[in-house]
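Asks: If you scroll down you'll find the structure; I have some questions about it.
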Amino acid sequence: MAPIGVFDSGLGGLSVLREIVAKRPDLPAIYVADSGHCPYGAKSADQIIERATAITDFLLGQGAQLIVVACNTATIAAVEYLRANYSVPFVGMEPAVKPAVAATRTGVIGVLATGAALAGDKLHRLIDRHRGEVRVITQPCPGLVEQVERGDLDGPETRALLTRYAEPLIAAGADTLVLGCTHYPFLRAALAEIAGPGITLLDTGEAVARRVASLLPAVPTADVRGPLRWYSTGDPAATAAVGGRLWGQAIKVDAMPEAP
Ligand code: DGL
């Protein structure tokens, strides 16, 4: 079977890939960490489209039959462009605003995302479509992606950032926080501790995995495991070191060749 391609600005997309593998272990997959250009959160939409195009070209060259844009920021900036310019299906991220609106009991939710994700109007249109009577507070979270890229999931600096971003939302009455960046599920344990009991944290990795599974026919033999291949546009050794920790087992990472 042809592989699926999965990419992110760095290692955050592993939180999506792990859900895909849990649901469909038979699917061969190629993961690209755009670590040489991380974070996307401070980039313009045009710069993100350029990166998404370079990675898509590489993945198609490797035979990818479907591409998962495992990055909310890249989805917001680039998925429409990718769908208009390539014929393979693209599955993107959609922050869990709709389920959060359904889940809140206080009538207040918080949306944590990158600066670039909050800069365009796509996320705000999603919020307007689903908010109903619910108050939605958005919170840009500079620095969190970098902490995950360093593998610092619950050190003092990471906790200080999480506290700074989550506390005002909770003080404003939010009982549900949307993890609107694929890096943030790796901070779930620390954030849950900081937020305290009664605060629900929502991400959409599992929903994306369901969508991928629905688009691709299942292999009849249940025990087939699709091989996983890993690429980085940064230092492959560094990506392998932190990526292996986040993935839960050692991974061998190759450099993604950039087109001249
Ligand atoms: N994982 C990306 C996302 O979901 C992070 C973007 C960034 O590099 O800032 O938005």
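The values are calculated or read from the model by the stated rules, or taken from the named source; none is laboratory data. Bear in mind the structure is a predicted one, so any value in this text is a computation, not a measurement. So basically every Cβ, Gly included, is an ideal-geometry build from the backbone, and we count neighbours across all protein chains shown.
Asks: Report those strands (runs of 3 or more DSSP E) wholly inside the range 110-209 carrying at least 3 residues which are out of contact with any Ser or Thr (no Cβ under 8 Å at 6 or more places or on another chain).
Replies: Filter on the range 110-209 gives 135-140.
Asks: Filter the range 152-176 down to residues that are touching a Leu at 6+ places or on another chain (Cβ under 7 Å) and not β-branched (Val, Ile, Thr) and give me whichever is surrounded by the fewest Cβ atoms within 10 Å (Cβ to Cβ).
Replies: Per the criteria, the residue is Leu153.
Asks: Right, another one. Could you list all residues from the range 24-46 that are away from the ligand (no atom under 13 Å from the Cβ) and either over 18 Å from the mean Cα position of the chain (by Cα) or of a type in the set (Lys, Arg) (or both)?
Replies: The answer is Arg24, Pro25, Asp26, Leu27, Pro28, Asp46.
Asks: Please go through (1) part of a strand (DSSP E or B); (2) at pLDDT below 95 for Val68 and return the number of the only condition it doesn't satisfy.
Replies: In the conditions (1) part of a strand (DSSP E or B); (2) at pLDDT below 95, Val68 misses (2) alone.
Asks: Which ones in the range 230-252 are exposed (fewer than 15 other Cβ atoms within 10 Å of the Cβ) and part of a helix (DSSP H, G or I)?
Replies: Ala237, Ala241
Asks: Closer than 20 Å to Leu228 by Cα and either in contact with a His (Cβ under 6 Å, 6 or more places away or on another chain) or crowded, with 24+ Cβ neighbours inside 10 Å (or both): which single residue out of Leu66, Leu112, Leu27 fits that description?
Replies: None of the other options fit; the residue is Leu27.
Asks: Does Ala117 meet the test of being within 15 Å of the ligand (Cβ to nearest atom), hydrophobic (A, V, I, L, M, F, W, C) and out of contact with any strand residue (DSSP E or B) (no Cβ under 6 Å at 6 or more places or on another chain)?
Replies: Against the criterion (within 15 Å of the ligand (Cβ to nearest atom), hydrophobic (A, V, I, L, M, F, W, C) and out of contact with any strand residue (DSSP E or B) (no Cβ under 6 Å at 6 or more places or on another chain)), Ala117 qualifies.
Asks: Moving on to the next point. Looking at the range 132-151, which of its residues are buried (at least 21 other Cβ atoms within 10 Å of the Cβ) and under 17 Å from the mean Cα position of the chain (by Cα)?
Replies: Cys141, Leu144, Val145, Gln147, Val148, Glu149
This table checks each residue for (1) of a type outside the set (A, V, I, L, M, F, W, C); (2) in contact with a helix residue (DSSP H, G or I) (Cβ under 6 Å, 6 or more places away or on another chain).
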residue	(1), (2)
Ile109	no, yes
Gly115	yes, no
Leu118	no, no
Arg129	yes, no
Glu133	yes, no
Gln139	yes, yes
Glu146	yes, no
Asp154	yes, yes
Glu157	yes, no
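Asks: Kindly indicate the residue of the range 43-63 that is surrounded by fewer than 17 Cβ atoms within 10 Å (Cβ to Cβ), part of a loop (DSSP other than H, G, I, E, B) and on the phi < 0 side of the Ramachandran plot and also modelled with the lowest pLDDT among those meeting that condition.
Replies: The extreme case among them is Ser44.
Asks: Also: Out of all the residues in the range 231-253, is one or more in contact with a Pro (Cβ under 7 Å, 6 or more places away or on another chain) and either among the small types (Gly, Ala, Ser) or within 18 Å of Glu19 (Cβ to Cβ) (or both)?
Replies: no
Asks: Could you grab me the full set of residues in the range 85-109 that are within 27 Å of Phe58 (Cβ to Cβ) and in a strand (DSSP E or B)?
Replies: Hits for the range 85-109 are Phe90, Val91.
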